[in-house]
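J.: Okay, here's the structure, questions in a sec.
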Amino acid sequence: MNLDHIFQAVQEAFLSYKNLSGAKKADFLEKIAEILEENRSAIVLMAVRESNLPEGRINGELGRTTGQIKLFAKLVREGSWVEATIDPADPNRSPLPKADIRRMLTPLGPVVVFGASNFPLAFSTAGGDTISALAAGCPVIYKGHPAHPDTSKFVGDCISQAVKKSGLPEGIFTHVEGGVKMGQDLVKHPLAKAVGFTGSFSAGKSLFNIAGNREVPIPVYAEMGSVNPIFTFPQRLKNELVPLAQSFVSSLTLGAGQFCTNPGLIFVPRTLAERFGNAISEAIQGVAASPMLHEGIAESYYKALNELQLRSELEWVKVPDAKHLINASPAMAEISAADWMSDNRFQEEVFGAFALMVVYENDAELKSVAEKLHGQLTITLWGDTEEFKTHKELINLLEEKCGRMLFAGVPTGVEVGYAMQHGGPYPSTTDSRSTSVGAHAIKRFARPIAFQDMPNDLLPDALKNENPLGIMRQVNGEYKI
């Protein structure tokens with residue numbers, strides 16, 4: 001496979017695609033969603049076979065996939081996402097005339113996207129990274145994930161059909177396969193302008209380092225995992241102890257714990273630790289072992305648990321069942337906050353249905369825990385209104401450690417909408433300013449450009465005086481159409 005030839009075709013496609021109107025980009029995206037729905041039965045059967053995920057889950061995931069495609073279609077059709085900003089000239093300003101300056105977001109260029117093993121549809125070939133890049137005006141080179149190669153290739157063919165039916169250049173979307181070297185070569189290629197990745201910390205950090213060591217560094221938007229801690233306060237935990245324990249176990253074991261927002265840590269006050277641990281134990285005992293995505297992931301899960309079982313600091317609330325070829329049982333251990341803070345190993349994600357219950361003695365120790373905590377995708381707080389007011393300083397500290405803070409519910413379940421933030425401080429992601437879910441994901445693959453004193457006829461439509469797109473713009477500091 002000659003990557004130079006592939007990237008050349010992609011670059012040529014970019015030069016024609018980037019200036020396509022928002023309406024035509026939206027039509028293209030909607031065509032992708034339409035073709036995916038037409039092939040729903042085949043896609044679902046293929047993904048179920050390759051991922052070990054149940055049919056209901058895959059059907060729901062396909063709905064989420066087409067739903068987010070339609071969200072981006074709506075976004076680019078409306079057009080205000082480009083943040084058109086106009087600062088008109090003032091030739092009479094003293095002591096110097098003021099130039100006419102107009103600013104907007106413009107697409108970066110060819111984007112390399114890596115799929116995720118745990119979401120064969122919504123975070124893979126036609127997932128959020130691919131679709132937000134296409135919506136921004138960037139062609140995509142997608143590297144198929146080895147965990148679901150047939151599904152990836154089939155969905156890629158659906159996107160290619162949409163490209164053809166929309167009359168766009170073939171280079172708008174390219175599906176490639178290969179191992180680690182292929183991925184590295186894609187990131188190293190000089191025509192690649194950005195990378196989207198969801199997966200392990202080691203793989204994401206490796207791609208980030210490669211991109212940073214290029215002659216011309218490029219951004220890597222890597223989501224690399226999170227333990228998504230839950231902080232519990234005494235009053236609410238005491239009042240709702242059993243329902244909260246059941247809610248936690250349901251979230252922990254959802255999809256065999258193979259969600260990036262799986263809660264792998266829960267902080268519990270010493271006064272309620274025994275009761276809460278018993279409630280957890282009772283709830284988790286009824287959860288049967290379930291198949292993981294593939295044998296390699298199950299192997300890694302049990303390897304991590306075997307290592308943890310050697311640690312004297314841990315007391316086991318639920319030990320894992322005997323190792324199975326692919327099925328994995330939930331597990332949970334208890335540790336004191338002091339011991340938890342003594343070793344960063346206890347902050348590392350175990351991909352699967354495992355969590356640590358960390359027991360804290362008082363508010364001062366809980367503050368020390370928050371200071372020690374690494375960056376997370378989510379942090380959840382379980383308390384009543386008065387407890388939130390009392391712990392305002394702690395909450396302010398925790399805001400610095402996550403991308404999404406929940407004051408009710410559980411972290412699993414990421415809404416695809418306009419306000420979602422799915423990304424957090426390192427090491428959960430490589431860029432805490434970005435999100436891989438929701439409307440703002442499009443801005444990862446665009447950069448600002450300003451035009452000074454450009455003739456009106458030459459300006460992009462979004463910046464012309466007559467506003468032919470009819471979009472909301474900022475003019476002289478005020479938003480108007």
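The values are calculated or read from the model by the stated rules, or taken from the named source; none is laboratory data. Keep in mind the model is a prediction, meaning the values are calculated, not measured. FYI the Cβ positions are ideal-geometry reconstructions off the backbone, even for glycines, and counts take in every protein chain you see. Surface areas here come from the heavy atoms of the whole protein model, side chains and all, with no ligands, DNA or RNA. Shrake-Rupley method; radii C 1.70, N 1.55, O 1.52, S 1.80 Å.
J.: Among the residues of the stretch 439-462, is any surrounded by fewer than 14 Cβ atoms within 10 Å (Cβ to Cβ), assigned to a loop (DSSP other than H, G, I, E, B), in contact (Cβ under 8 Å) with a residue 40 or more places away in the chain and among the acidic types (Asp, Glu)?
T.: Yes: one or more hits.
J.: May I pose another question? Here is a check on your reading of the model: is residue 259 over 19 Å from residue 437 (Cα atoms), open to solvent by 10 Å² or more (accessible area, probe 1.4 Å) and among the aromatic types (Phe, Trp, Tyr)?
T.: no
J.: While we're on this one: Can you list residue pairs whose Cβ atoms sit under 7 Å apart, with the first residue in the stretch 85-101 being touching a residue at least 60 places away in the same chain (Cβ under 8 Å) and the second being open to solvent by less than 80 Å² (accessible area, probe 1.4 Å) and of a type in the set (Val, Ile, Thr)? Count only pairs 6 or more apart in sequence or on different chains.
T.: Filtered contacts from the stretch 85-101: 86/475; 87/101.
To keep it simple, each residue is scored yes or no on (1) closer than 18 Å to residue 359 by Cα; (2) in a strand (DSSP E or B); (3) at pLDDT 95 or above.
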position	(1), (2), (3)
207	no, no, yes
211	no, no, yes
214	no, no, yes
227	yes, no, yes
231	yes, yes, yes
237	yes, no, yes
245	yes, no, yes
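J.: Going through the stretch 238-253 one residue at a time, which ones are open to solvent by less than 20 Å² (accessible area, probe 1.4 Å), more than 20 Å from the chain's Cα centre (by Cα) and touching a residue at least 40 places away in the same chain (Cβ under 8 Å)?
T.: If the condition is that a residue be open to solvent by less than 20 Å² (accessible area, probe 1.4 Å), more than 20 Å from the chain's Cα centre (by Cα) and touching a residue at least 40 places away in the same chain (Cβ under 8 Å), then 244, 248, 249 are the ones that fit.
J.: Related question: Considering each of 284, 280, 335, 297 in turn, give the residue that is of a type in the set (Val, Ile, Thr) and closer than 24 Å to residue 47 by Cα.
T.: 297
J.: Looking only at residues in the stretch 57-88 that are of a type outside the set (Gly, Ala, Ser) and outside any helix (DSSP H, G or I), which one is least open to solvent (accessible area, probe 1.4 Å)?
T.: 86
J.: Given the structure, is residue 269 under 19 Å from the mean Cα position of the chain (by Cα) and either at pLDDT below 95 or not β-branched (Val, Ile, Thr) (or both)?
T.: Against the criterion (under 19 Å from the mean Cα position of the chain (by Cα) and either at pLDDT below 95 or not β-branched (Val, Ile, Thr) (or both)), residue 269 does not qualify.
J.: Identify, please: which residue in the stretch 158-197 is over 27 Å from residue 213 (Cα atoms) and free of Cβ contacts under 8 Å to residues at least 12 places away in the same chain and is, among those, least open to solvent (accessible area, probe 1.4 Å)?
T.: This residue is 167.
J.: Hey, does the stretch 413-433 have a residue that's in a helix (DSSP H, G or I) and within 21 Å of residue 76 (Cβ to Cβ)?
T.: no
J.: Right, here's the next one. Just to check your reading of the model, which residue among 346, 276, 267 is aromatic (Phe, Trp, Tyr), more than 27 Å from residue 223 (Cβ to Cβ) and in contact with a helix residue (DSSP H, G or I) (Cβ under 8 Å, 6 or more places away or on another chain)?
T.: Residue meeting the stated conditions: 276.
J.: Are there strands (runs of 3 or more DSSP E) fully within the stretch 329-382 with at least 2 residues that are under 18 Å from residue 315 (Cβ atoms) and either modelled with pLDDT of 95 or more or not hydrophobic (A, V, I, L, M, F, W, C) (or both)? List them.
T.: So the answer is 331-336, 354-360.
J.: For the stretch 300-328, how many residues are open to solvent by 70 Å² or more (accessible area, probe 1.4 Å), acidic (Asp, Glu) and part of a loop (DSSP other than H, G, I, E, B)?
T.: Residues flagged as open to solvent by 70 Å² or more (accessible area, probe 1.4 Å), acidic (Asp, Glu) and part of a loop (DSSP other than H, G, I, E, B) within the stretch 300-328 amount to 1.
J.: Checking residue 47 against (1) among the hydrophobic types (A, V, I, L, M, F, W, C); (2) surrounded by 20 or more Cβ atoms within 10 Å (Cβ to Cβ); (3) over 27 Å from the mean Cα position of the chain (by Cα): exactly one of these is not met. Which one?
T.: (3)
J.: Return the only residue of 16, 21 being surrounded by fewer than 21 Cβ atoms within 10 Å (Cβ to Cβ), over 26 Å from the mean Cα position of the chain (by Cα), within 28 Å of residue 186 (Cα to Cα) and of a type outside the set (Val, Ile, Thr).
T.: Step by step, each of 16, 21 is checked, and only 16 is surrounded by fewer than 21 Cβ atoms within 10 Å (Cβ to Cβ), over 26 Å from the mean Cα position of the chain (by Cα), within 28 Å of residue 186 (Cα to Cα) and of a type outside the set (Val, Ile, Thr).
J.: Can you name the residue in the stretch 201-237 that is among the basic types (Lys, Arg) and in contact (Cβ under 8 Å) with a residue 60 or more places away in the chain and is also surrounded by the most Cβ atoms within 10 Å (Cβ to Cβ) among such residues?
T.: So, considering only residues that are among the basic types (Lys, Arg) and in contact (Cβ under 8 Å) with a residue 60 or more places away in the chain, the one surrounded by the most Cβ atoms within 10 Å (Cβ to Cβ) is 236.
J.: Of the numbered conditions (1) assigned to a helix (DSSP H, G or I); (2) farther than 21 Å from residue 381 by Cα; (3) of a type in the set (A, V, I, L, M), residue 280 fails exactly one; give the number of that condition.
T.: (2)
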